[in-house]
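Notes follow once the structure below has been shown.
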Amino acid sequence: MQPSLYVALSGQIALQKRLETIAHNVANVSTAGFRAEEVKFSSLVSRVPPDPAAFATSNGTYISRTPGELVQTQDPFDVAVRGDAWLAIDVGGQQVYTRDGRMRMTPTGDLQTLSGYPILDVGGAPITIDPNGGPPQIAADGSIVQNNRQLGAIGLFTIPEEAKLTYAENSGVIPSLPAEPALDFTRFGVIQGFIERSNVNPVMEMTHLIAVQRSFEALTNTMSSTESTFTEGIRTLGASS
């Protein structure tokens with residue numbers, strides 16, 4: 001069989017994966033701290049047929065670390081992360097990292113995400129402040145002060161660039177390599193009264209969607225043309241035999 005069918009099919013499979021990531025990104029365009037998912041594409045050269053054929057292949061996905069836009073809310077329980085660092089939350093006993101810094105305080109003083117997951121300090125312990133101490137003041141290094149008393153500090157963590165990230169709760173990610181406490185507060189920090197928007201660009205995603213649809217249609221036409229050529233060849237050979 002002609003390799004063109006396999007080439008076109010591999011292209012459609014790769015485009016299908018790209019379509020799934022676009023849909024996921026668009027669905028989370030308004031999710032605070034969300035990181036867009038992208039697809040790695042490469043060309044696999046096969047020398048099995050007489051003439052080399054290049055097959056499209058998706059080498060998995062990756063989560064973009066491009067920062068989103070910071071928006072001021074003036075809410076003392078909102079924090080945005082500065083630099084390529086992450087907040088830590090406890091999701092069912094697992095430490096998950098997120099850029100969504102929207103918090104709430106329970107009646108007992110526990111700091112949680114809006115979904116109810118505990119916010120963790122640098123040691124991985126939940127943070128509790130004074131429920132009657134009024135709005136907290138949060139410094140750039142994450143330290144929390146109420147009534148001139150420091151009651152804890154929000155943990156900041158860095159994730160190795162080579163780590164593969166997978167999605168988790170609360171716009172969070174789980175890295176394939178251990179995260180490390182962020183200690184350089186000239187490069188990393190938190191900004192109180194701000195949140196970070198999703199880094200999804202809806203205009204670019206719609207542009208990608210149109211491009212994927214057109215490419216998919218072109219590959220479908222290529223496969224139909226190749227199939228017609230095969231069919232005509234079979235008919236010709238059958239008539240001459």
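The values are calculated or read from the model by the stated rules, or taken from the named source; none is laboratory data. Remember, it's a predicted structure, so these values are computed and weren't measured experimentally. So basically every Cβ, Gly included, is an ideal-geometry build from the backbone, and we count neighbours across all protein chains shown.
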Does the range 193-209 contain any residue that is under 17 Å from residue 90 (Cβ atoms) and either in contact (Cβ under 8 Å) with a residue 40 or more places away in the chain or outside the structural domain of residue 97 (by TED's automatic domain parsing) (or both)? no
Being surrounded by 17 or more Cβ atoms within 10 Å (Cβ to Cβ), touching a Ser or Thr at 6+ places or on another chain (Cβ under 6 Å) and not hydroxyl-bearing (Ser, Thr, Tyr): is that true of residue 142 here? no
All positions within the range 160-214 that are buried (at least 18 other Cβ atoms within 10 Å of the Cβ), in a strand (DSSP E or B) and not aliphatic (A, V, I, L, M): 175, 189, 192, 194, 196
Residues satisfying the stated conditions in the range 24-61, i.e. modelled with pLDDT of 75 or more and exposed (fewer than 15 other Cβ atoms within 10 Å of the Cβ): 27, 30
Note: among 83, 92, just one is touching a residue at least 40 places away in the same chain (Cβ under 8 Å) and out of contact with any helix residue (DSSP H, G or I) (no Cβ under 7 Å at 6 or more places or on another chain), namely 83
Name the residue that is farthest from residue 68 (Cα to Cα), counting only residues in the range 20-34 that are in a helix (DSSP H, G or I) and of a type in the set (Gly, Ala, Ser). 23
